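Trainee: Could you have a look at this structure, given as C-alpha coordinates, before my questions?
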Amino acid sequence: MKKLLISILIICSSLGFANVKAVTTITIIYDLVKNIGKEKVDVDYLCRGNQDPHFLEVMPSYMLKLRNADLVFKVGLDLEKWLPQLIDGSRNTNLQVIDLSQEIDKLEVPTTKMDARYGDVHPYGNPHYYLDPLDVKIMAKEVFDALTTQDPENTSYYEKNYNDYIKLLDAKITEWNNKMKKAKGKPIVFFHSSWIYFAGQYGIKIAGYVEPKPGIPPTPSHNADIINLVKKAGVKSIVMENYYSDAAPNQIAQITGVKVLKVPVGLFGNEGIDSYFKMMDYIVDQIVNNN
(Lines give C-alpha, C1' and ligand atoms only; values in the text may rest on other atoms or scores of the structure.)
Protein backbone atom coordinates (compact mmCIF):
# COMPACT_ATOMS: atom_id res chain seq x y z
CA MET A 1 0.00 0.00 0.00
CA LYS A 2 2.83 2.36 0.86
CA LYS A 3 4.53 1.71 -2.48
CA LEU A 4 1.21 2.34 -4.25
CA LEU A 5 0.78 5.72 -2.53
CA ILE A 6 4.34 6.71 -3.43
CA SER A 7 3.69 5.73 -7.05
CA ILE A 8 0.50 7.82 -7.15
CA LEU A 9 2.34 10.83 -5.73
CA ILE A 10 5.11 10.47 -8.33
CA ILE A 11 2.55 10.24 -11.15
CA CYS A 12 0.66 13.27 -9.89
CA SER A 13 3.88 15.23 -9.63
CA SER A 14 4.90 14.31 -13.15
CA LEU A 15 1.52 15.36 -14.53
CA GLY A 16 2.16 18.90 -13.30
CA PHE A 17 -1.31 19.73 -11.98
CA ALA A 18 -2.18 23.41 -12.34
CA ASN A 19 -1.39 25.67 -9.41
CA VAL A 20 -3.86 28.36 -10.49
CA LYS A 21 -7.36 28.09 -11.91
CA ALA A 22 -8.30 31.06 -14.07
CA VAL A 23 -11.18 32.19 -16.25
CA THR A 24 -11.03 35.04 -18.76
CA THR A 25 -13.92 37.03 -20.17
CA ILE A 26 -12.59 37.09 -23.75
CA THR A 27 -10.34 34.80 -25.75
CA ILE A 28 -7.58 37.37 -26.30
CA ILE A 29 -6.96 37.41 -22.54
CA TYR A 30 -7.21 33.62 -22.54
CA ASP A 31 -4.31 33.55 -25.00
CA LEU A 32 -2.17 35.72 -22.72
CA VAL A 33 -2.90 33.65 -19.61
CA LYS A 34 -2.29 30.41 -21.49
CA ASN A 35 1.07 31.58 -22.81
CA ILE A 36 2.31 33.01 -19.52
CA GLY A 37 0.82 30.38 -17.22
CA LYS A 38 1.26 27.31 -19.42
CA GLU A 39 0.88 24.05 -17.45
CA LYS A 40 0.88 25.84 -14.09
CA VAL A 41 -2.45 27.48 -14.91
CA ASP A 42 -5.74 25.87 -15.84
CA VAL A 43 -7.51 28.56 -17.90
CA ASP A 44 -10.90 28.79 -19.63
CA TYR A 45 -12.89 31.63 -21.19
CA LEU A 46 -16.48 32.84 -21.22
CA CYS A 47 -17.12 34.81 -24.43
CA ARG A 48 -16.27 32.97 -27.64
CA GLY A 49 -14.29 34.66 -30.38
CA ASN A 50 -17.35 34.87 -32.65
CA GLN A 51 -19.56 36.48 -29.98
CA ASP A 52 -20.08 40.16 -29.22
CA PRO A 53 -18.42 40.72 -25.82
CA HIS A 54 -20.84 43.56 -25.05
CA PHE A 55 -23.66 41.06 -24.75
CA LEU A 56 -23.25 37.60 -23.26
CA GLU A 57 -26.26 35.55 -22.22
CA VAL A 58 -26.03 34.67 -18.54
CA MET A 59 -25.96 30.88 -18.36
CA PRO A 60 -25.45 28.44 -15.46
CA SER A 61 -22.51 26.83 -17.29
CA TYR A 62 -20.62 30.14 -17.10
CA MET A 63 -21.26 30.33 -13.37
CA LEU A 64 -19.88 26.82 -12.98
CA LYS A 65 -16.68 27.88 -14.74
CA LEU A 66 -16.22 30.59 -12.14
CA ARG A 67 -17.20 28.49 -9.14
CA ASN A 68 -13.80 26.85 -8.63
CA ALA A 69 -11.63 29.55 -10.19
CA ASP A 70 -9.01 31.53 -8.29
CA LEU A 71 -8.87 34.42 -10.76
CA VAL A 72 -11.12 35.95 -13.38
CA PHE A 73 -9.49 38.35 -15.85
CA LYS A 74 -11.60 41.03 -17.52
CA VAL A 75 -11.16 43.81 -20.08
CA GLY A 76 -12.95 46.27 -17.80
CA LEU A 77 -14.16 49.76 -18.76
CA ASP A 78 -17.73 48.51 -18.48
CA LEU A 79 -17.40 46.11 -21.44
CA GLU A 80 -18.52 43.05 -19.46
CA LYS A 81 -21.69 44.35 -17.84
CA TRP A 82 -22.82 40.74 -17.55
CA LEU A 83 -19.87 39.63 -15.38
CA PRO A 84 -21.11 40.71 -11.91
CA GLN A 85 -24.23 38.56 -12.31
CA LEU A 86 -22.10 35.56 -13.24
CA ILE A 87 -19.79 36.13 -10.29
CA ASP A 88 -22.75 36.39 -7.91
CA GLY A 89 -24.24 33.23 -9.35
CA SER A 90 -20.96 31.33 -8.95
CA ARG A 91 -21.11 31.74 -5.16
CA ASN A 92 -17.31 31.84 -5.18
CA THR A 93 -16.40 34.28 -2.40
CA ASN A 94 -12.68 33.69 -2.92
CA LEU A 95 -12.68 34.69 -6.60
CA GLN A 96 -10.26 37.53 -7.41
CA VAL A 97 -11.24 39.87 -10.25
CA ILE A 98 -8.30 41.17 -12.31
CA ASP A 99 -9.13 44.30 -14.33
CA LEU A 100 -6.56 44.60 -17.13
CA SER A 101 -7.51 48.18 -18.00
CA GLN A 102 -5.86 49.76 -14.98
CA GLU A 103 -2.65 50.93 -16.71
CA ILE A 104 -4.16 51.57 -20.15
CA ASP A 105 -4.10 55.09 -21.59
CA LYS A 106 -7.85 55.27 -22.11
CA LEU A 107 -9.44 56.91 -25.13
CA GLU A 108 -12.93 58.36 -25.69
CA VAL A 109 -13.58 58.95 -22.00
CA PRO A 110 -16.82 60.99 -21.87
CA THR A 111 -16.48 64.47 -20.41
CA THR A 112 -20.23 64.97 -19.99
CA LYS A 113 -23.05 62.80 -18.70
CA MET A 114 -24.06 60.16 -21.24
CA ASP A 115 -27.52 58.68 -21.77
CA ALA A 116 -29.27 56.38 -24.28
CA ARG A 117 -29.31 59.12 -26.92
CA TYR A 118 -25.57 58.62 -27.41
CA GLY A 119 -25.81 54.86 -27.95
CA ASP A 120 -23.66 52.32 -26.15
CA VAL A 121 -21.03 54.77 -24.93
CA HIS A 122 -18.86 53.43 -22.11
CA PRO A 123 -18.62 55.85 -19.18
CA TYR A 124 -14.97 55.02 -18.38
CA GLY A 125 -13.62 55.08 -21.92
CA ASN A 126 -13.51 52.90 -25.02
CA PRO A 127 -12.79 49.30 -23.90
CA HIS A 128 -11.39 47.94 -27.17
CA TYR A 129 -7.76 48.66 -26.31
CA TYR A 130 -6.82 45.01 -26.94
CA LEU A 131 -6.71 45.76 -30.68
CA ASP A 132 -3.56 47.83 -30.10
CA PRO A 133 -0.59 45.45 -29.68
CA LEU A 134 1.23 47.93 -27.44
CA ASP A 135 -1.70 47.78 -25.03
CA VAL A 136 -1.52 43.99 -25.17
CA LYS A 137 2.01 44.31 -23.78
CA ILE A 138 0.51 46.16 -20.82
CA MET A 139 -2.15 43.47 -20.46
CA ALA A 140 0.52 40.75 -20.48
CA LYS A 141 2.37 42.46 -17.62
CA GLU A 142 -0.86 42.63 -15.61
CA VAL A 143 -1.44 38.92 -16.22
CA PHE A 144 2.12 38.13 -15.11
CA ASP A 145 1.69 40.19 -11.94
CA ALA A 146 -1.60 38.50 -11.09
CA LEU A 147 -0.21 34.99 -11.56
CA THR A 148 2.89 35.67 -9.46
CA THR A 149 0.76 37.20 -6.70
CA GLN A 150 -1.50 34.15 -6.69
CA ASP A 151 1.35 31.63 -7.00
CA PRO A 152 4.58 33.31 -5.82
CA GLU A 153 6.51 30.03 -5.59
CA ASN A 154 6.49 29.82 -9.40
CA THR A 155 7.47 33.43 -10.10
CA SER A 156 10.59 32.48 -12.06
CA TYR A 157 8.54 30.07 -14.19
CA TYR A 158 5.98 32.74 -15.08
CA GLU A 159 8.74 35.30 -15.63
CA LYS A 160 10.45 33.13 -18.24
CA ASN A 161 7.17 32.53 -20.07
CA TYR A 162 6.30 36.24 -19.91
CA ASN A 163 9.69 37.29 -21.28
CA ASP A 164 9.45 34.70 -24.07
CA TYR A 165 6.00 35.96 -25.04
CA ILE A 166 7.02 39.63 -25.02
CA LYS A 167 10.00 38.82 -27.22
CA LEU A 168 7.70 37.20 -29.78
CA LEU A 169 5.16 40.02 -29.47
CA ASP A 170 7.83 42.68 -30.04
CA ALA A 171 8.92 40.91 -33.22
CA LYS A 172 5.33 40.79 -34.46
CA ILE A 173 4.79 44.46 -33.58
CA THR A 174 7.75 45.37 -35.80
CA GLU A 175 6.32 43.20 -38.59
CA TRP A 176 2.82 44.72 -38.29
CA ASN A 177 4.23 48.26 -38.16
CA ASN A 178 6.13 47.68 -41.39
CA LYS A 179 3.12 46.21 -43.17
CA MET A 180 0.70 48.88 -41.99
CA LYS A 181 2.83 51.71 -43.43
CA LYS A 182 0.97 51.06 -46.67
CA ALA A 183 -2.36 51.91 -45.01
CA LYS A 184 -1.16 54.94 -43.04
CA GLY A 185 -3.37 57.96 -43.64
CA LYS A 186 -5.91 55.96 -45.64
CA PRO A 187 -9.60 56.62 -44.87
CA ILE A 188 -11.49 53.53 -43.70
CA VAL A 189 -15.11 53.13 -42.62
CA PHE A 190 -15.56 50.83 -39.64
CA PHE A 191 -18.76 49.16 -38.48
CA HIS A 192 -18.52 49.68 -34.70
CA SER A 193 -16.38 51.99 -32.59
CA SER A 194 -13.96 49.20 -31.68
CA TRP A 195 -11.05 50.53 -33.70
CA ILE A 196 -9.87 53.83 -32.25
CA TYR A 197 -6.84 52.27 -30.51
CA PHE A 198 -5.93 50.27 -33.62
CA ALA A 199 -6.38 53.25 -35.93
CA GLY A 200 -4.33 55.49 -33.66
CA GLN A 201 -1.49 53.01 -33.53
CA TYR A 202 -1.24 52.68 -37.30
CA GLY A 203 -2.20 56.19 -38.41
CA ILE A 204 -5.44 55.17 -40.09
CA LYS A 205 -8.10 57.80 -40.67
CA ILE A 206 -11.50 56.71 -39.34
CA ALA A 207 -13.77 58.15 -42.03
CA GLY A 208 -16.98 57.07 -40.32
CA TYR A 209 -18.99 54.21 -38.84
CA VAL A 210 -21.78 52.09 -40.31
CA GLU A 211 -23.54 52.33 -36.95
CA PRO A 212 -24.99 55.85 -36.54
CA LYS A 213 -24.04 55.61 -32.85
CA PRO A 214 -22.28 52.80 -30.94
CA GLY A 215 -24.61 49.83 -30.60
CA ILE A 216 -27.39 51.48 -32.66
CA PRO A 217 -28.36 49.45 -35.77
CA PRO A 218 -27.72 51.05 -39.17
CA THR A 219 -30.60 53.03 -40.65
CA PRO A 220 -31.40 53.73 -44.35
CA SER A 221 -30.71 57.45 -43.91
CA HIS A 222 -27.35 56.81 -42.25
CA ASN A 223 -26.47 54.28 -44.98
CA ALA A 224 -27.10 57.06 -47.51
CA ASP A 225 -24.75 59.34 -45.58
CA ILE A 226 -22.04 56.64 -45.54
CA ILE A 227 -22.48 56.05 -49.29
CA ASN A 228 -21.85 59.75 -49.94
CA LEU A 229 -18.90 59.71 -47.55
CA VAL A 230 -17.34 56.68 -49.26
CA LYS A 231 -17.60 58.38 -52.66
CA LYS A 232 -16.24 61.74 -51.52
CA ALA A 233 -13.41 60.45 -49.31
CA GLY A 234 -12.26 57.68 -51.62
CA VAL A 235 -12.83 54.97 -49.03
CA LYS A 236 -11.84 51.53 -50.30
CA SER A 237 -12.97 49.28 -47.44
CA ILE A 238 -15.41 48.81 -44.60
CA VAL A 239 -13.86 46.88 -41.70
CA MET A 240 -16.26 45.05 -39.43
CA GLU A 241 -16.23 42.46 -36.67
CA ASN A 242 -17.44 39.14 -38.04
CA TYR A 243 -20.17 38.72 -35.41
CA TYR A 244 -22.18 41.67 -36.77
CA SER A 245 -24.67 41.47 -39.62
CA ASP A 246 -23.14 42.55 -42.90
CA ALA A 247 -26.47 43.51 -44.50
CA ALA A 248 -25.88 47.28 -44.33
CA PRO A 249 -22.18 47.12 -45.33
CA ASN A 250 -23.05 44.89 -48.30
CA GLN A 251 -25.74 47.35 -49.40
CA ILE A 252 -23.16 50.16 -49.26
CA ALA A 253 -20.67 47.98 -51.15
CA GLN A 254 -23.15 47.21 -53.96
CA ILE A 255 -23.61 50.90 -54.64
CA THR A 256 -20.05 52.15 -54.15
CA GLY A 257 -17.83 49.14 -54.92
CA VAL A 258 -16.18 49.41 -51.51
CA LYS A 259 -14.77 46.14 -50.12
CA VAL A 260 -16.35 44.68 -46.95
CA LEU A 261 -13.73 43.12 -44.69
CA LYS A 262 -15.21 40.85 -42.02
CA VAL A 263 -12.45 40.12 -39.52
CA PRO A 264 -12.20 38.17 -36.26
CA VAL A 265 -11.50 40.21 -33.15
CA GLY A 266 -11.08 37.19 -30.92
CA LEU A 267 -9.44 33.78 -30.96
CA PHE A 268 -11.42 31.04 -32.69
CA GLY A 269 -13.53 33.73 -34.38
CA ASN A 270 -12.42 32.30 -37.73
CA GLU A 271 -11.09 28.87 -38.58
CA GLY A 272 -7.37 28.69 -37.81
CA ILE A 273 -7.31 31.85 -35.69
CA ASP A 274 -6.02 30.26 -32.47
CA SER A 275 -3.65 32.98 -31.20
CA TYR A 276 -3.49 36.75 -30.88
CA PHE A 277 -0.65 36.75 -33.39
CA LYS A 278 -2.72 34.94 -36.03
CA MET A 279 -5.71 37.20 -35.37
CA MET A 280 -3.64 40.34 -35.88
CA ASP A 281 -1.92 38.82 -38.92
CA TYR A 282 -5.33 38.30 -40.48
CA ILE A 283 -6.59 41.81 -39.69
CA VAL A 284 -3.39 43.51 -40.87
CA ASP A 285 -3.22 41.51 -44.10
CA GLN A 286 -6.86 42.20 -44.94
CA ILE A 287 -6.47 45.94 -44.44
CA VAL A 288 -3.12 46.22 -46.22
CA ASN A 289 -4.27 44.16 -49.21
CA ASN A 290 -7.51 46.11 -49.66
CA ASN A 291 -6.45 49.75 -49.18
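Trainee: How large is the helix-only mean residue ellipticity at 222 nm for the chain, computed as the sum of -39500 (n - 2.57) over DSSP H runs with n ≥ 4, divided by its residue count, in deg cm²/dmol to the nearest 500? Before the final figure, lay out the partial values.
Mentor: On the way: 10 runs with 130 residues, N = 291.
It lands at -14000 deg cm²/dmol.
Trainee: When N counts the residues of region 118-183, how does its alpha-carbon radius of gyration compare numerically with 2.2 N^0.38 Å, as a ratio? Can you show the working numbers first?
Mentor: Numbers: Rg = 15.8 Å, N = 66, 2.2 N^0.38 = 10.8 Å.
In units of the 2.2 N^0.38 Å rule of thumb, it is 1.46.
Trainee: Percent of alpha carbon pairs in the chain separated by more than 27 Å?
Mentor: Values: 19369 of 42195 pairs.
Of all Cα-Cα distances in the chain, 46 percent exceed 27 Å.
Trainee: Still on this model: Would you please calculate the Kirkwood hydrodynamic radius of region 160-257 over all C-alpha pairs and express it in Å, rounded to one decimal? Let's see the in-between values first.
Mentor: Numbers: mean 1/r = 0.0671 Å⁻¹.
About 14.9 Å, per the Kirkwood formula over Cα pairs.
Trainee: Can you give me the C-alpha center-to-center distance between region 70-89 and region 213-290, rounded to a whole angstrom?
Mentor: Each part reduced to its Cα centre gives a spacing of 28 Å.
Trainee: Excluding ligands, DNA and RNA, what is the solvent-accessible area per residue of the chain at a probe of 1.4 Å, expressed in Å²?
Mentor: Working: 14330 Å² over 291 residues.
Result: 49 Å² of accessible area for each residue.
Trainee: Then there's this: Run the accessible area of the chain with a 1.4 Å probe and give the carbon-and-sulfur part as a rounded percent.
Mentor: Details: 7500 of 14330 Å².
Solvent-exposed carbon and sulfur of the chain make up 52 percent of the total.
Trainee: Connecting C-alpha atoms closer than 10 Å in a GNM of the chain, tell me which of GLU39, GLU271, GLU211 has the biggest fluctuation.
Mentor: GLU271
Trainee: When only Cα pairs under 8 Å and 6 or more residues apart are kept, what is the percent relative contact order across region 14-57?
Mentor: Numbers: 54 pairs, mean separation 18.9, N = 44.
Relative contact order for region 14-57 comes out at 43 percent.
Trainee: Then there is this: Which trypsin sites (Lys or Arg not before Pro) from region 36-116 combine a DSSP loop assignment with at most 13 other Cβ atoms within 10 Å? Walk me through the numbers before you get to the answer.
Mentor: Numbers: sites: LYS38, LYS40, ARG48, LYS65, ARG67, LYS74, LYS81, ARG91, LYS106, LYS113; in loops: ARG48, LYS81, ARG91, LYS106, LYS113.
Of the trypsin sites (Lys or Arg not before Pro), the ones in loops of region 36-116 whose Cβ has at most 13 other Cβ atoms within 10 Å are LYS81, ARG91, LYS113.
The values are calculated or read from the model by the stated rules, or taken from the named source; none is laboratory data. Every value quoted in this text rests on a predicted model; they were computed, and no experiment measured them. Note: ideal-geometry Cβ built from the backbone for every residue, glycine included; neighbour counts use all protein chains shown. The protein model used for the area step is the full one, side chains on, heavy atoms only, and it has no ligands, DNA or RNA in it. Shrake-Rupley method; radii C 1.70, N 1.55, O 1.52, S 1.80 Å.
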